[in-house]
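Enquirer: Take a look at the following structure, please.
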Amino acid sequence: PFRLSERALSLKPSATVAVTSRALELRRAGVDVISMSVGEPDFDTPPHIKAAATRAIEAGKTKYTSVNGLPELREAISAKFERENGLLYAPDAVTVTSGGKQALFNAFFALLNPGDEVLIPAPYWVSYPEMVALTGAVPVPVPTTPESGFQLDPAELEARITPRTRMIVLNSPGNPTGAVFPPEVLAAVAEVAQRHNLVIVTDEMYEHLVYDAEQVSIGRYAPEHTLTVNGASKAYAMTGWRIGYAGGPQGVIAAMNALQSQSTSNASSVSQYAALAALTQHEETASFIEEARRAYRERRDRIVAGLNALGLPTPTPQGAFYVMADTDRLHPDELEAARRLLDEARVAVVPGTDFAAPGQVRLSYATSLENIEEVLRRIRAVLGA
Ligand code: PLP
């Protein structure tokens, strides 16, 4: 009797599953695999945030909250948008979700109809096209190249607009590329969106992880066209707490709240109090972010230099904590290259197959410098063999 739905069946099986399960299998067999595939900070959640959660538990703040989040948290998010991003979203134009992922999911389901086209710069985070396709809309990749550091060309974007285009999804700093789109590119994309009456959904989860670039919110250029998604996961090392949020036009936020009210309801109350501390105890939070950024930058410089020296061309990303390495020297097919890295170097990476990055693999440097040095040693041994 269990016939799977067309929607469930339409989810694309991940090409990277094979590599991931092989890594788990090796680990279980006692092989010391170094994982460069994780998408989360290796730092612990800062103590002032954990303390706020403990206090919330002890004070019995463990019940439902309003679906769209605690009023004081929405006020803190509204203030954060203004202070850090120059965006004016009233607390009622803000919603709190179970992770950035749910904010994106709700936004796509609130805004897209079957057949609508959605422009997504590629390489992209795999969840964008999958979520968009689940709504019945059509993801349309806009290619970028390693040679340009995966910079988006607004003319390339505009060339793919058709009468069915409804939305542009931006992610800067980006996963998997680490690219940060400069203000002039964002202004040009905003102008295209205004001229063609398109919605911009911007995912700014990695906004604090920028190294030699300026991170600007595109909502400053096209406030009437932009829905801004962010969250606590990457900025404050809070991936497990599941707090995301979005700011946008009130009508859209209301539709997202309605979707959420019939699915997950409020994000975890305890996690909301933790996020409130992250957004209001500015000094502690800023010093954590500064320290994390300094560590990531040092790791980035080491891994980029090391991979390039090994003949695996790797552009220097300006943000997030990922690099994209060209693995042609290991194997022309990135799935095979990832398999070699795993089997011969005992290093787990993510092949670019699912994010439209053929010939490349993604390595996360959210790991210690010692691990990075060891990874480079292991790859050198494989290439030298
Ligand atoms: N957006 C991007 C670009 C991400 O890389 C991730 C996590 O990997 C998310 C959103 C999801 O964040 P969360 O864990 O808060 O759902």
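Read-outs: derived from the displayed coordinates by stated rules, not from any lab. Not measured: the values here are computed from a predicted model. For neighbour counting, all protein chains shown are included, and Cβ atoms are generated from backbone atoms with ideal geometry for every residue, glycine included.
Enquirer: Taking the criterion of being within 22 Å of the chain's Cα centre (by Cα) and more than 16 Å from the ligand (Cβ to nearest atom), would at least one residue in region 20-32 satisfy it?
Expert: Here is the first cut: in region 20-32, the residues within 22 Å of the chain's Cα centre (by Cα) are 20.
From what's left, more than 16 Å from the ligand (Cβ to nearest atom): none.
Looking for residues that are within 22 Å of the chain's Cα centre (by Cα) and more than 16 Å from the ligand (Cβ to nearest atom), one finds none in region 20-32, hence no.
Enquirer: Another question, if that's okay. Among the listed residues 285, 353, 314, which satisfies the condition of being hydroxyl-bearing (Ser, Thr, Tyr), surrounded by 15 or more Cβ atoms within 10 Å (Cβ to Cβ) and in contact with a Phe, Trp or Tyr (Cβ under 8 Å, 6 or more places away or on another chain)?
Expert: Details: 353 fails: in contact with a Phe, Trp or Tyr (Cβ under 8 Å, 6 or more places away or on another chain); 314 fails: in contact with a Phe, Trp or Tyr (Cβ under 8 Å, 6 or more places away or on another chain).
Exactly one residue qualifies, and that residue is 285.
Enquirer: Additional query: Pick from region 242-265 the residues that are in a loop (DSSP other than H, G, I, E, B) and buried (at least 20 other Cβ atoms within 10 Å of the Cβ): which of them is farthest from the chain's Cα centre (by Cα)? Step through it out loud before you land on a result.
Expert: The initial filter retains those residues of region 242-265 that are in a loop (DSSP other than H, G, I, E, B), namely 242-243, 248-249, 262-265.
Still in the running and buried (at least 20 other Cβ atoms within 10 Å of the Cβ): 242-243, 248.
Details: 242: 14, 243: 13, 248: 19 Å.
Here the answer is 248.
Enquirer: I've got another one for you. Return a yes/no flag: does region 25-36 have any residue that is in contact (Cβ under 8 Å) with a residue 60 or more places away in the chain and of a type in the set (Lys, Arg). Working first, answer last.
Expert: Residues of region 25-36 in contact (Cβ under 8 Å) with a residue 60 or more places away in the chain: 26, 31-36.
Imposing the further condition that a residue be of a type in the set (Lys, Arg) reduces the set to none.
No - not one qualifying residue is present in region 25-36.
Enquirer: Residue 304 fails exactly one of the following numbered conditions: (1) more than 30 Å from residue 58 (Cβ to Cβ); (2) of a type in the set (A, V, I, L, M); (3) without any contact (Cβ under 8 Å) to a residue 12 or more places away in the chain. What is the number of that condition?
Expert: Of everything listed in (1) more than 30 Å from residue 58 (Cβ to Cβ); (2) of a type in the set (A, V, I, L, M); (3) without any contact (Cβ under 8 Å) to a residue 12 or more places away in the chain, residue 304 misses just condition (3).
Enquirer: With region 278-385 as the region, which helices (runs of 4 or more DSSP H) entirely inside it contain at least 1 residues that are in contact with a helix residue (DSSP H, G or I) (Cβ under 8 Å, 6 or more places away or on another chain) and under 24 Å from residue 13 (Cβ atoms)? Show your work before the answer.
Expert: Numbers: elements: 282-309, 334-345, 369-384.
The helices (runs of 4 or more DSSP H) meeting that bar are 334-345.
Enquirer: Among the residues of region 190-223, which ones are part of a loop (DSSP other than H, G, I, E, B) and within 17 Å of the chain's Cα centre (by Cα)? Spell out how you get there, then give the answer.
Expert: If we filter region 190-223 for residues that are part of a loop (DSSP other than H, G, I, E, B), which is where we start, we get 197-198, 204-209, 211-217, 221-222.
Within region 190-223, 204, 205, 206, 207, 208, 209, 211, 215, 216, 217 meet the criteria.
Enquirer: Against the condition surrounded by 20 or more Cβ atoms within 10 Å (Cβ to Cβ) and either touching a strand residue (DSSP E or B) at 6+ places or on another chain (Cβ under 9 Å) or farther than 14 Å from residue 264 by Cα (or both), how does residue 93 come out, does it pass? Talk me through it step by step, then tell me what you get.
Expert: Working: surrounded by 20 or more Cβ atoms within 10 Å (Cβ to Cβ): yes; either touching a strand residue (DSSP E or B) at 6+ places or on another chain (Cβ under 9 Å) or farther than 14 Å from residue 264 by Cα (or both): yes.
So residue 93 passes the test.
Enquirer: Suppose we keep only residues that are crowded, with 21+ Cβ neighbours inside 10 Å and in a loop (DSSP other than H, G, I, E, B) within region 102-124. Which one would you say is nearest to the ligand (Cβ to nearest atom)?
Expert: The residue in question is 124.
Enquirer: Say we look at region 81-101 and pick out the residues that are part of a helix (DSSP H, G or I) and within 19 Å of the chain's Cα centre (by Cα); which of these is farthest from residue 201 (Cα to Cα)? Let's see the steps before the verdict.
Expert: We begin by selecting, within region 81-101, every residue part of a helix (DSSP H, G or I); these are 81-85, 91-93, 99-101.
Right, trim to within 19 Å of the chain's Cα centre (by Cα) and you get 81, 84-85, 99-101.
Numbers: 81: 15, 84: 18, 85: 15, 99: 16, 100: 12, 101: 13 Å.
Going through the qualifying residues, I end up with 84.
Residue by residue, here is whether (1) closer than 24 Å to residue 125 by Cα; (2) out of contact with any Gly (no Cβ under 7 Å at 6 or more places or on another chain); (3) within 15 Å of the ligand (Cβ to nearest atom) holds:
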residue	(1), (2), (3)
264	yes, yes, yes
269	no, yes, no
272	no, no, yes
285	no, yes, no
296	yes, yes, yes
